[in-house]
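Each reported figure results from applying straightforward, stated rules to the coordinates on display, with no laboratory input. No experiment lies behind these values; they were computed from the predicted model shown. All Cβ positions, glycine included, derive from the backbone under ideal geometry; neighbour counts span all protein chains shown.
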Amino acid sequence: MTSEPLEWMIQNQIVRRGIHNHALLNALRAIDRRDFVPAASQSAAYEDRPLPLKNGQTISQPYIVALMTEQLELDSHHHVLEIGTGSAYQTAILAFLCHSVISIELFPALHEVAKLSLAPFKFRNITLIQGDGKKGWEKQAPYDRIILTAAPQDFPDSVFDQLVEGGIMVAPIGKAGYQTLFKITKTGGKPVKESICGVRFVPLV
Ligand code: SAH
């Protein structure tokens with residue numbers, strides 16, 4: 001059963017803001033955000049905001065995780081690339097809803113913590129990679145879906161190239177401090193961009 005504070009988070013921050021996708025809400029119930037929040041922030045695990053990780057990075061606000069996941073329109077056969085593992089909370093939500101997830105994290109310390117946080121869930125469809133994801137991850141391309149959880153300043157062409165025709169990429173794009181969240185669909189080989197909202201992500205470095 002979902003813990004009361006977790007259900008409160010889901011109802012107040014996610015359903016109330018218009019996200020009703022059943023599979024997604026079930027993923028949020030099955031994957032407790034608290035299991036990905038560092039010890040120092042445990043009491044704030046269900047709050048409506050990002051929380052600090054090591055290396056000056058953050059675990060995204062729950063609503064943003066839900067919104068980006070919804071925009072990806074995931075299916076159980078999708079092969080997904082995530083750039084910026086961070087806490088691996090978003091990674092676990094993705095893995096719950098799709099066929100396979102490749103997730104790249106630049107910082108070794110975060111990559112190690114992500115491995116530990118995911119271990120109890122025994123996911124068999126997640127591959128964690130420690131490395132630079134700025135140019136995507138060619139080895140396992142193409143991907144049906146791509147999600148960036150750190151923001152490039154400009155449109156990431158080389159990442160977009162790794163998307164299948166008809167595939168969707170969700171990414172914050174823009175300068176440090178304020179970016180636009182885009183849903184980008186590959187149509188006839190070209191990006192069709194839809195802006196979702198303003199966001200504040202850590203930069204893709
Ligand atoms: N979805 C994650 C968000 C983490 S913040 C969560 O909710 O926990 C974004 C992450 O992207 C950070 O962990 C940061 O270290 C990572 N990152 C930044 N630049 C990167 C790069 N070039 N390659 C891979 N990861 C990167």
When Lys and Arg each count +1 and Asp and Glu each count -1, what net charge do the other residues less than 12 Å away from ARG200, Cβ to Cβ, add up to? +2
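Can you give the helix-only mean residue ellipticity at 222 nm for the chain, where every DSSP H stretch with n ≥ 4 adds -39500 (n - 2.57) and the sum goes over all residues, rounded to the nearest 500 deg cm²/dmol?
Details: 6 runs with 50 residues, N = 205.
The helix contribution divided over the chain gives -6500 deg cm²/dmol.
Compute the signed sum of charges (Lys and Arg +1, Asp and Glu -1) over the other residues within less than 11 Å, Cβ to Cβ, of ILE104.
Computed value for this residue: 0.
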Quick one: helix 62-72 against the long Cα principal axis of the chain, what's the angle to the nearest 10°, folded into 0 to 90? 40
Can you list the HN-Hα couplings for the stretch 82-94, worked out from phi with the Karplus curve (6.51, -1.76, 1.60; θ = phi - 60°), rounded to whole Hz and with x for Gly and Pro? 10, 10, x, 5, x, 6, 6, 5, 4, 4, 5, 4, 4
Take the chain, connect every pair of alpha-carbon atoms lying under 10 Å apart with a spring to form a Gaussian network, then pick out the residue of GLY136, GLY166, GLY188 with the largest mean-square fluctuation. GLY188
Say we join alpha carbon atoms closer than 10 Å with springs in a Gaussian network model of the chain; which of LYS115, LYS54, LYS139 then has the biggest fluctuation? LYS139
Residues meeting the amide H criterion for ILE129 (H placed from the backbone, H to H distance under 5 Å, 5 or more places apart or on another chain) are SER103, ILE104, GLU105
Those lysines that a straight Cα-Cα span of less than 25 Å connects to LYS115, excepting residues fewer than 8 apart in one chain: LYS54, LYS134, LYS135, LYS139
Taking only the alpha-carbon atoms of the chain, the convex hull volume per residue, in cubic angstrom, is 110
Tally Lys and Arg at +1 and Asp and Glu at -1 over the other residues with C-beta under 15 Å from the C-beta of ASN12: what net charge comes out? +1
